[in-house]
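Take a look at the structure set out below.
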Amino acid sequence: MRVVIAEDTVLLREGLAGLLEDAGHEVVGRAGDAETLLALVGEHAPDLAVVDVRMPPGFDDEGTRAAAEIRRSHPGTAVLVLSQHIETRHVVDLVAAGGGFGYLLKDRVLDVDDFLDAARRVSEGGSALDPQVVATLVARPDHALGELTPREREVLSLMAEGRTNGGIARQLWLTEKTIETHVRTILMKLGLPVSSDDHRRVLAVLTYLRASQG
């Protein structure tokens, strides 16, 4: 996997590079701001761009805006966004644009295996959403979400993270058949089509959540 990293804090940028290189990946570019990031992606066409949400000059949403530009202009490059705090601006729109997107809190990097697994999933066209970000989205009040049981909300959150039925089953210590039943019930309650494609399930859930925000 060929990776470009955009992070204005040098220590974290080099730490991320070290983790990825130790795992056998090639870091082809390092950037400290969004403009340099976009130039590096254009030059190297990496498999994955790891992008900080807040970067110079404004330290606001430069990273997410750059992520949106990468997904528009370089569809072959997946994007994994990192954030210090939960910020849901642009997240649903970025996920809804298609596969190959992830959003993790920076604390998640401390779990090296989890971070590397998320990077791999995203680079392969899947999704990886931080559980705390998903919980913030799912917690929004809505009449249809209110029809879900606590267990169904748990399953919905794990679905939105991009996990398969097997992964959800292992997380909740349930059988995969039980999870399949929960998924069918959830999608039925939300008025969404059942699909065997994992990313389409994420899109379905987050598209619904976007509608519930409006």
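Just a few scattered comments:
- Anisotropy class of the stretch 2-129 from Cα gyration tensor, a/c 1.5 cut: rounded
- Our estimate of slack between residue 11 and residue 60, defined as 0.36 nm per intervening residue step minus the Cα-Cα distance, is 15.6 nm.
Taken together, the values in this text are just the output of simple stated rules run on the coordinates, not laboratory data. Nothing here was measured: the structure is a model prediction, and the numbers come from that model.
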